[in-house]
Amino acid sequence: MKKNSFNTIKHILILVCIILSSSISCNLHMDVPEQHALQSDTLVEDDSFLIGESIAYKNLEIFPIVRNGKTEGQKYRILSEVIKGQDVVLEETGNVNLLSISNNTKDYIFILAGDIVKGGRQDRTMENDIIIPPYTKKVPLESYCVESGRWQKRGQEEVNEFSDNTKVLSSRDLKLASRYSKDQSAVWQKVTEKQYKLNKNLAEMKGENVDVRSPQSGTSLQLTLENKELEDVTKEFKSNLNNLNDFSENSIGFAYAINGQFYGMDIYHSRELFVKLQAKLFDAVIAEAISEYEKDISFVPVNREDLYELMKHMLSANVKETKINEHTMERMFEGDQGVMFETVDITQEKQWVRKNYIFKEDYKSATEQRNQEIIQIR
């Protein structure tokens, strides 16, 4: 058998094993001939997905995750849909790392780990994915502050409640600090580092001095992500990333790489849920790419085989289960190359809702390993 054929079969079998190990049956292919006309011999007709070809601009590559067939399951509203008005009330508790939420609707609400809520005594980010059932009162939410120093009213905002959710955490360092390390001091440190990098790189891209720290609150990550210069360069990235918001009629997530290294992957069981979240998810990824931009850096673009190699490492990952609330369970798969959080709806026959991979900074990508081998041979 030819070597290429063997490698292709090997990668397919590896991915099937990964998904089966998470109690999912799926069919994965190496190639995506057409995004809107996918062909495959499915193992389970209503549950299969694959990785598509990347789209790229500057130092950012994004790979669509595509599912064949329709998905069924619980429908969720997201926080940004319900936080304005009285559909939900998101309140301070007096504890910087604990908020509470009351759901006044008949709908289930899915809150994303990394969701940033604006207002209150300090802007916060959510520690975990969590499902909030209908008509529930004062459900506790673990959170981290992403605005150090403030503990009073800001402008015309409510001091005890939060009224907006337009942004999510925009770096893997912040995600790891809040969701994996659970370290408030590290979160503050990573916000400061993020602001410094954005100032430096935006100034270089725009050819003028830039300060993303807001006069209203210089430590607020939310206000930094609302910065006009950042929004301008974000629009430039979007205009050059063709079909960013329409990978395919069946896309359910994406993986992304910066400077030739995979940073993360986000997959959702429901196409509808992914569509609701994708705008702020892509804004966060682009902000991260901008903060990590180096004008003269030389890197080898990654490919799907690199991603398969990373996913393969999760086969030997240690698994830890944590019950978040009566509806939500988190499975954390920790390996040498990264960590994967799988969010499960306990009431829906333990159906997974989201798979969030965060690849560690010190991992060696397949591309890096190949390049190192070439250098050693020479």
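What follows is calculated from the coordinates using simple rules that are stated; it is not laboratory data. All values reported here derive from a predicted model rather than from experimental measurement. Note that each Cβ is placed from the backbone with ideal geometry, even for glycine, and that neighbours are counted across all protein chains shown.
In plain terms, the residue of H313, H269 with the fewest other Cβ atoms within 10 Å comes first and the most crowded comes last, giving H313, H269. Per-residue Cβ neighbour counts within 10 Å put W188, W151 in the sequence W151, W188, beginning with the fewest. Amide H contacts of D129 (H built 1.01 Å from N, in plane; Pro and chain starts excluded): A113 sit under 5 Å, all sequence-distant by 5 or more or on other chains.
3J(HN,Hα) along region 152-160, derived from phi through the Karplus expression 6.51 cos²θ - 1.76 cosθ + 1.60 where θ = phi - 60°, amounts to 8, 4, 10, x, 9, 6, 6, 7, 10 Hz, with x in place of Gly and Pro. According to the calculation over all Cα-Cα pairs in region 49-182, the P(r) per 5 Å bin from zero is 2, 9, 17, 19, 17, 14, 9, 7, 4, 1 %. Couplings for region 114-128, taken from phi via the Karplus curve 6.51 cos²θ - 1.76 cosθ + 1.60 with θ = phi - 60°, read x, 4, 9, 10, 9, x, x, 8, 7, 5, 10, 10, 7, 6, 10 Hz in order; Gly and Pro are left as x.
Packing-wise, with mean Cβ within 10 Å as the measure, how do 252-259, 335-342, 198-205 rank, highest first? Intermediate results must be reported in sequence, preceding the final value.
Values: 252-259: 24.2, 335-342: 20.2, 198-205: 18.2.
Ranked from most to least packed, the peptides come out as 252-259, 335-342, 198-205.
In whole angstrom, how far apart do the alpha carbon centroids of region 52-113 and region 249-315 sit? Between the Cα centres of region 52-113 and region 249-315 lies a distance of 18 Å. When the P(r) is computed for region 145-237, the part past 17 Å accounts for 54% of the Cα-Cα pairs. Working from Cα pairs under 8 Å separated by at least six residues, relative contact order for region 76-236 is 21 percent. By the count of other C-beta atoms within 10 Å, a proxy for reagent exposure, I116, I324 are ordered fewest to most as I324, I116.
Arrange the peptides 343-355, 292-304, 226-238, 275-287 so that the one whose residues have, on average, the most other Cβ atoms within 10 Å appears first.
Put in order of decreasing packing, that is 275-287, 343-355, 226-238, 292-304.
Around the amide H of E53, modelled in the peptide plane, lie the amide H atoms of V32, all under 5 Å away and 5 or more residues distant in sequence or on another chain. Computed 3J(HN,Hα) for region 290-306, one whole-Hz value per residue from the Karplus formula 6.51 cos²θ - 1.76 cosθ + 1.60 where θ = phi - 60°, is 5, 5, 9, 6, 10, 4, 9, 5, 10, 9, 8, x, 7, 9, 5, 5, 4, glycine and proline marked x. Summing Lys and Arg as +1 and Asp and Glu as -1 over all other residues whose Cβ lies under 12 Å from the Cβ of V89 gives a net charge of -2.
Note on region 267-336: Cα-only Rg and Dmax are 16.7, 50 Å.
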